[in-house]
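First up is the structure itself, then whatever we jot down about it.
The values are calculated or read from the model by the stated rules, or taken from the named source; none is laboratory data. The model shown is predicted, which means the values in this text are computed figures rather than measured ones. When we count neighbours, we look across all protein chains shown, and the Cβ atoms used for this are built from the backbone with ideal geometry, even at glycine.
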Amino acid sequence: MTVKDQVYARLLELSPRYVSGEALAASLGVSRTAIWKAIRALKEEGLNIEARHRHGYRLLEHDNRLLSEDHFTRLRTQVFGKAYRLYTEVESTQDIAKAWANEGAPHGAVVVSERQTKGRGRLSRNWSSPSGKGLWLSVILRPGCPLSVAHQLPLVSAVAVARSLEHFGFGPRLKWPNDVMIVDRKVAGMLIEGQGELDRLKYAVLGIGINVLQSADDFPEALRTRAISLKMAHEESGERFYTLPTRPQLLMVLLERLEEEISRWENESFAMLQDDWLKRAWRLHELIELSSGRERVRGRFIGIDAHGYALLQTEEELLTLTSGEIAFQ
Amino acid sequence: MFTLREIKELIRTLDASSLTHIELEREGERLVLKKDHPSASIVPAGSYTGGSTAPTYSSVPSPVPSAPQLAEGSVPSGDQTQPEAPQKTVSASPAEDQITLIKSPMVGTFYAAPNPDAPPYVNVGDTVKPDTVVCIIEAMKLFNEIVADVEGTIVDILVQNGTLVEYGQPLFKVRTTS
């Protein structure tokens, strides 16, 4: 753990009480200067830390803090999040982002809302997105790639989401093609809607939902055994392994990772990301059931090929699947 | 130029009437609408020839706008002497030439509607413009809206909702208007 992470953990533990720089330095065995640097770095990451004379530092509004424009001005990305629209409540960030894309929003433009009243999942299924409990965002992508490789975007994005969770110590798994799991439950999901122009991708709108602060009760009953938030994972681990990020912190890290992974994919190829996906694969080498359209196939999940298609070994043959969803069991 | 709406209106008029032929000229553009049988006639059993009772039309732009010889050529009495020949050309190869296929630009699952409860993006008989969304192809949770890229009328939908399509597989038949 770095000094910064230790300072953060200590502030979190004591919030909303104050802790002096001197006490922090003594308990961590580092200099006052190191504490000061760590505080500054945490502030840059979007943490709302109050410094008060004779009292010390304290973490404010940790659990339900609004995202603010301030966070975006501190982003360390080239283009991602440089254009953004921030809302308190919308029906769906995806719809706003699509309309914005049609008006010419640039690559990397972001739409975030505290709450979605009609958050959408796959095929217009509802995505539960209560106020302040998670990150609900849509990112406009203009990779200018042929449509024939556009299907790799969900996998590339999933690697970026996983890496941003790993930044805080979580160990996510990737469920082919677009879900992110923690201990067999879904912590994040993605929906990508593109529009083609002849054989090229004109734009894609990447919708991401990450469950951050929900308790089990916050999820609709049907989802309780299948969904998890970072907070729940943090608590279930005995709060030992992970740092629970604030939503702005997570958003900043996520946008950085998305920019890195998507430009890596644009400049190189999916083959470069294949291993990054595979080493995080959920149910790899296990028997799974995959539903595709109206069909269901059972077999051993061998992984993905260099195009990102799923490989399934059935009793008869090795299937390459371009579409479908792995069933929960 | 004749607008799509005007042409559709004329087709409806022709369909409802006992006429088999309408010819119009305006601003140097000539529009010819023909049908093989009057509306009252019934398609003989076993001789269905892919919409032969439907009116076929072609918009013929004049090379020289409002040239006098074109106006002469469109005098109806000249056509009535040989009705067989022009009808044959219209209903055979030129009609097929106007059919354009919208093909799948990617491998994936074909969805006719944005979600299972919604009506399909397009039905047979609908007119489409180049930017009209005609379906979604889903590959690995990338839901890609496919636009028509042509202007015309949907005459056939070649794949069923929820089925897997290959790259380049024809999805729709469109009778193009240009």
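Couple of notes before you dig in:
- Selection status of A:Lys231, within 17 Å of the chain's Cα centre (by Cα), more than 14 Å from chain B (Cβ to nearest Cβ), of a type outside the set (S, T, N, Q) and surrounded by fewer than 24 Cβ atoms within 10 Å (Cβ to Cβ): yes
- Residues of segment A:290-311 that turn out to be more than 8 Å from every other protein chain (Cβ to nearest Cβ), surrounded by 16 or more Cβ atoms within 10 Å (Cβ to Cβ) and farther than 20 Å from A:Leu278 by Cβ, as a count: 0
- Within segment A:28-59, the set of residues being charged (D, E, K, R) and part of a loop (DSSP other than H, G, I, E, B) comprises A:Glu45, A:Arg54.
- A:Arg142 vs. criteria crowded, with 18+ Cβ neighbours inside 10 Å, modelled with pLDDT of 95 or more and in contact with a helix residue (DSSP H, G or I) (Cβ under 9 Å, 6 or more places away or on another chain): no
- Search result, residues across segment A:32-85 that are modelled with pLDDT of 90 or more and assigned by TED's automatic domain parsing to the domain that holds A:Val205: A:Thr77, A:Gln78, A:Val79, A:Phe80, A:Gly81, A:Lys82, A:Ala83, A:Tyr84, A:Arg85
The rows are residues; the columns are (1) buried (at least 23 other Cβ atoms within 10 Å of the Cβ); (2) within 14 Å of the chain's Cα centre (by Cα); (3) under 30 Å from B:Pro170 (Cβ atoms).
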{"residue": "A:Gly194", "(1), (2), (3)": "yes, no, yes"}
{"residue": "A:Asp199", "(1), (2), (3)": "no, no, yes"}
{"residue": "A:Ile208", "(1), (2), (3)": "yes, yes, no"}
{"residue": "A:Pro220", "(1), (2), (3)": "no, no, no"}
{"residue": "A:Leu223", "(1), (2), (3)": "no, no, no"}
{"residue": "A:Glu236", "(1), (2), (3)": "no, no, no"}
{"residue": "A:Glu239", "(1), (2), (3)": "no, no, no"}
{"residue": "A:Leu244", "(1), (2), (3)": "yes, yes, no"}
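- If the condition is being touching an Asp or Glu at 6+ places or on another chain (Cβ under 7 Å), within 11 Å of chain B (Cβ to nearest Cβ) and within 25 Å of A:Gln78 (Cβ to Cβ), then segment A:146-192 contributes A:Pro146, A:Val156.
- Pairing residues of segment B:108-135 that are within 13 Å of chain A (Cβ to nearest Cβ) with residues that are aromatic (Phe, Trp, Tyr) and part of a loop (DSSP other than H, G, I, E, B), at Cβ distances under 9 Å and at least 6 apart in sequence or on separate chains, gives B:Tyr111/B:Tyr121; B:Ala112/B:Tyr121; B:Ala113/B:Tyr121; B:Pro114/B:Tyr121; B:Thr132/B:Tyr121; B:Val133/B:Tyr121; B:Val134/B:Tyr121; B:Cys135/B:Tyr121.
- The condition of being surrounded by fewer than 22 Cβ atoms within 10 Å (Cβ to Cβ) and either closer than 16 Å to A:Ala150 by Cβ or touching a helix residue (DSSP H, G or I) at 6+ places or on another chain (Cβ under 8 Å) (or both) holds for B:Thr127.
- For segment B:136-158, a residue qualifies if it is within 14 Å of chain A (Cβ to nearest Cβ) and under 19 Å from the mean Cα position of the chain (by Cα), and the qualifying residues are B:Val147, B:Ala148, B:Asp149, B:Val150.
- Answer residue from segment A:84-110, given it is part of a loop (DSSP other than H, G, I, E, B) and more than 19 Å from the chain's Cα centre (by Cα) and is surrounded by the fewest Cβ atoms within 10 Å (Cβ to Cβ) among those: A:Glu103
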